[in-house]
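Asker: Next up is a structure, given as structure tokens.
The values are calculated or read from the model by the stated rules, or taken from the named source; none is laboratory data. The shown structure was predicted, so the numbers you read here are calculated from the model rather than taken from an experiment. Here the Cβ positions follow ideal geometry from the backbone for every residue, glycine too, while neighbour counts run over all protein chains shown.
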Amino acid sequence: MSARDMVVVDEPHAPRAPRDLRDLRAPIEAVLFDLDGVLVHSEAAWFTSSVGGSNCSGVPAWASAQAYPPSTQVTSGGKLYAAKWHIGWSHPSCPPSSPASWCPAEWTEIGPCN
């Protein structure tokens with residue numbers, strides 16, 4: 001598939017950029033359709049500004065034995081993380097900042113906290 005075969009779809013309800021980009025954290029979803037309108041690929045991620053780190057005020061600290069829905073944000077080890085998928089129960093040995101080697105990769109690091 002070449003770039004000319006792809007169509008970019010703008011999300012009409014996407015959050016608008018704040019005045020202070022240091023506070024920018026926004027969920028985004030990229031979708032790719034071919035020219036026949038068939039979904040080729042879809043991927044969700046968190047977009048964050050790398051200017052000065054993340055403002056983590058009001059974001060709860062990670063806690064073991066908790067359930068976390070997808071995209072839930074937590075702090076751990078001075079960094080901000082987002083759950084990649086639904087975490088039904090967070091194991092005490094699997095904090096986002098220093099998980100044991102056998103832990104699943106449940107968290108996406110967004111960046112350091114200010």
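Asker: Looking at the range 82-107, I want the residues that are modelled with pLDDT of 90 or more and have a partner that is exposed (fewer than 10 other Cβ atoms within 10 Å of the Cβ) with Cβ atoms under 6 Å, at least 6 apart or on another chain. Which pairs are those?
Answerer: Pairs that qualify, where the first residue is modelled with pLDDT of 90 or more and the partner is exposed (fewer than 10 other Cβ atoms within 10 Å of the Cβ), are 86/69.
Asker: If you take the residues in the range 37-71 that are modelled with pLDDT of 75 or more and of a type in the set (Phe, Trp, Tyr), which one is surrounded by the most Cβ atoms within 10 Å (Cβ to Cβ)?
Answerer: Applying the filter and picking the extreme gives 68.
Asker: Go through the range 92-114 and report how many residues are among the hydroxyl-bearing types (Ser, Thr, Tyr) and under 19 Å from the mean Cα position of the chain (by Cα). Break it down into steps so the answer makes sense when it comes.
Answerer: Applying the first criterion (among the hydroxyl-bearing types (Ser, Thr, Tyr)) to the range 92-114 yields 93, 97-98, 101, 108.
The next check asks that each one be under 19 Å from the mean Cα position of the chain (by Cα); those that pass are 97-98, 108.
Qualifying residue count for the region: 3.
Asker: How many of the residues making up the range 53-81 are touching a residue at least 60 places away in the same chain (Cβ under 8 Å) and closer than 11 Å to residue 109 by Cβ?
Answerer: In the first step, residues of the range 53-81 are kept if they are touching a residue at least 60 places away in the same chain (Cβ under 8 Å); the result is 53-54.
Those still in the list that are closer than 11 Å to residue 109 by Cβ too: 54.
Number of matching residues: 1.
Asker: Residue 74 - would you say it is modelled with pLDDT of 95 or more and either hydrophobic (A, V, I, L, M, F, W, C) or part of a loop (DSSP other than H, G, I, E, B) (or both)?
Answerer: Details: modelled with pLDDT of 95 or more: yes; either hydrophobic (A, V, I, L, M, F, W, C) or part of a loop (DSSP other than H, G, I, E, B) (or both): yes.
Criteria met by residue 74.
Asker: Looking at the range 100-111, which of its residues are surrounded by 15 or more Cβ atoms within 10 Å (Cβ to Cβ) and out of contact with any His (no Cβ under 8 Å at 6 or more places or on another chain)? Lay out the reasoning, then the answer.
Answerer: Of all residues in the range 100-111, those surrounded by 15 or more Cβ atoms within 10 Å (Cβ to Cβ) come to 103, 106-111.
Result: 106, 107, 108, 109, 110, 111.
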